[in-house]
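Throughout, read-outs are computed from the coordinates displayed, never taken from laboratory work. Remember, it's a predicted structure, so these values are computed and weren't measured experimentally. Virtual Cβ from ideal backbone geometry, glycine too; neighbours counted across all protein chains shown.
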Amino acid sequence: MKYLFGPVNSRRLGLSQGIDLLTIKTCNYDCIYCEIGPTKIHTCERKEYTPTADIIAEIDELLAEKDADKPIDVFTITATGEPTLHTGLKAVIKHIKQNTGKPVVVLTNGAMFDRADVRQDLMEADIVIPSLDSARDDSFRRIDRPAACVNLPEIILGLGTFCREFSGQVWLEVLLVKNINDSKDDIKALQEAINVIKPDRTQLNTVARPPLEPFARPLNEEELNNIAGQLPGHVEIIARFAKKDRKNPRLPNPDEILTMLVRRPCTISDISEALNLETKATCQLMDKLIAKGEVITMSHQGKTYYQPPHSA
C-alpha cells in the first residue's frame, strides 16, 4: 500500500495502524532532528497534496481484509511532513470514525493551530499530539527551522484555543536537543507556554534515530527527568531508555519492513519491537535485503540503522 503502513507497536498508543497523508516531504518545518530527511516543499499552503480518495480506498481495502492477526488499537494519521497541510485530513478522520470503532490519533507539528480551519478539521479525532519544541523564538528557529509564514506566539495561542475547544485528549510533545533548546531560559519559556496551552499531558522526547543534522544530540535520562520536574501539569518522558519484553513474535515480512524503513531509519531492535518480529529471523532477512541492494546501513551513536538506498 502507498499510504498505509503497519500496524506497528507504539509505546504510546498500542497497536497502531499508520496512515501517511503525504508521499513527498512537505512541511512548514525543516527540523534539525528529523529522521526522514530534508523538507522538499517548505510551505504553509494547505491543499490536496495527494488524492484523498486514494487514501480512503486503501483504508477500505484494509477494513475489507478483516485480518484477525492484526487487531488494531488505533488509527494514527501522520505524514511525510506535516499532515495538517493536506486539506483531505478531515475527510480521512471522518471516514475512519464512520467505518470503524477505533480511536483516531493525529501526529502534528502544531504549526498550523493558529488557523481556525485546521483546528476544526481535527475536532473529530480522539487524540491529537502536537509538538512545541521551543517557546523562545531564537531556539525555535534553530531547532525547527520554520518557513517564513510560521509565527511562534500565534502557534502557542492557537494550541491553547484548540485545547479549550477540543473534547478529546491533547498530548503536547516537546523534543529536546542538547545545547539547542534545553537552557534555563528555554525551560522557563516552556513553563509559561504550557500554562497557556493547558494540554492533558506534556511528553518529553529527545533525539533517538539518526537526525538530519549531525550536531543534533540527545539529552540523557537524568537531564530529561530534571526538566520534567520543572514543567507544570502532567509530564511524562517518552524517550525510550529501556527495552520491553515481547510476546509471540512473528516471522518477518520484507514488504512490511521496507514500508516502515521508507518512513524512518531503524535498527534491528526497532524493527523487531515495532512489528513484533523474531530478532534472529529479522537479522537474517536484513542481510538478504542488503545483498539484493534493497537496504543499506548507516551508523549513528554506535548503532547500526537500516534504510532504503534512496533515503541515504
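What are the ³J(HN,Hα) couplings of the stretch 163-179, residue after residue, when phi is run through the Karplus curve with 6.51, -1.76, 1.60 and θ = phi - 60°? Round to Hz, x for glycine and proline.
In residue order, the calculated couplings are 4, 6, 7, 7, 8, x, 9, 10, 10, 8, 9, 10, 9, 9, 10, 3, 6 Hz.
Please report the relative contact order for the chain, taking Cα pairs under 8 Å with a sequence separation of at least 6, and give it as a percent rounded to a whole number. Write down the numbers at each step before the final one.
Values: 567 pairs, mean separation 50.7, N = 312.
Relative contact order for the chain comes out at 16 percent.
For residue 25, list long-range residues whose amide hydrogen, built 1.01 Å from N in the peptide plane, is under 5 Å from its own amide hydrogen.
Answer set, sorted by chain and number: 40.
Assuming 0.36 nm per residue, please report the length gained on full extension of the stretch residue 291 to residue 248 beyond their Cα-Cα distance.
Gain in length upon complete extension: 12.6 nm.
Between residue 191 and residue 269, how many nm apart are label points set 7 Å from Cα along the C-beta direction?
Output for this residue pair reads 3.4 nm.
Please compute the contact order of the stretch 1-154 in relative form: average sequence separation of alpha-carbon pairs under 8 Å and at least six residues apart, divided by the residue count, as a percent.
Once divided by the residue count of the stretch 1-154, the mean separation gives 26 percent.
May I ask for the net charge around residue 141, where only other residues with Cβ less than 12 Å from the Cβ of residue 141 are counted and Lys, Arg are +1 while Asp, Glu are -1?
Counting the neighbours of residue 141, the net charge comes to -2.
Say R0 is 41 Å: what FRET efficiency, to the nearest 0.05, do residue 138 and residue 24 get from their beta-carbon distance?
Efficiency, rounded to the nearest 0.05: 0.85.
Which shape class, rounded, prolate or oblate, goes with the stretch 98-147 when its Cα gyration tensor gives a ≥ b ≥ c as root eigenvalues, a/c under 1.5 marks rounded, and past that a/b bigger than b/c marks prolate?
Cα axes put the stretch 98-147 in the prolate bin.
Hey, rough spin-label estimate for residue 91 and residue 226, points 7 angstrom out along Cα→Cβ, what's it come to in nanometres?
Here the answer is 5.1 nm between the modelled labels.
Among the DSSP beta bridges whose two residues both lie in the stretch 4-242, what percent are antiparallel, rounded to the nearest 5?
The antiparallel proportion sits near 15 percent.
Above 18 Å lies some portion of the pair distances; for the stretch 193-242, what is it as a whole percent of all C-alpha pairs?
Of all Cα-Cα pairs in the stretch 193-242, 40 percent lie more than 18 Å apart.
Per residue of the stretch 29-41, what does 6.51 cos²θ - 1.76 cosθ + 1.60 with θ = phi - 60° give for ³J(HN,Hα)? Whole Hz please, x for Gly and Pro, Karplus curve as stated.
Couplings: 10, 9, 4, 5, 9, 4, 9, 10, x, x, 5, 8, 10 Hz.
Please state the shape class of the stretch 134-279: rounded when a/c is under 1.5, otherwise prolate if a/b exceeds b/c and oblate if not, all from the C-alpha gyration tensor.
Details: a/c = 1.84, a/b = 1.72, b/c = 1.07.
Verdict is prolate for the stretch 134-279.
Roughly speaking, what is the stretch gain from residue 262 to residue 47, that is 0.36 nm per residue apart minus the C-alpha to C-alpha distance, in nm to one decimal? If you can, show how the numbers build up before the last one.
Numbers: separation 215, 0.36 × 215 = 77.40 nm, distance 2.36 nm.
Full extension from residue 262 to residue 47 adds 75.0 nm.
Can you give the Rg/Rh ratio of the stretch 246-312, where Rg is from the C-alpha atoms and Rh is the Kirkwood radius?
Ratio of gyration radius to Kirkwood radius for the stretch 246-312: 0.94.
When a/c is below 1.5 the answer is rounded, else prolate if a/b is larger than b/c, else oblate, so apply that to the chain with a ≥ b ≥ c taken from the square roots of the Cα gyration tensor eigenvalues.
Taking the square roots of the gyration eigenvalues as a ≥ b ≥ c, the chain is oblate.
Pairs to check: 102/184; 40/102; 40/94; 2/303; 2/288; 97/188. Give those whose C-alpha atoms are more than 31 Å from each other in this structure.
Cα-Cα > 31 Å for 102/184; 40/102; 97/188; rest within.
Can you give me the long-range amide H partners of residue 217? Hydrogens built in the peptide plane at 1.01 Å from N, cutoff under 5 Å, separation of 5 or more residues or another chain.
Excluding prolines and chain starts, which carry no amide H, the hits are 178.
Which value does Rg/Rh take for the stretch 1-100 over its C-alpha atoms, Rh per Kirkwood?
0.98
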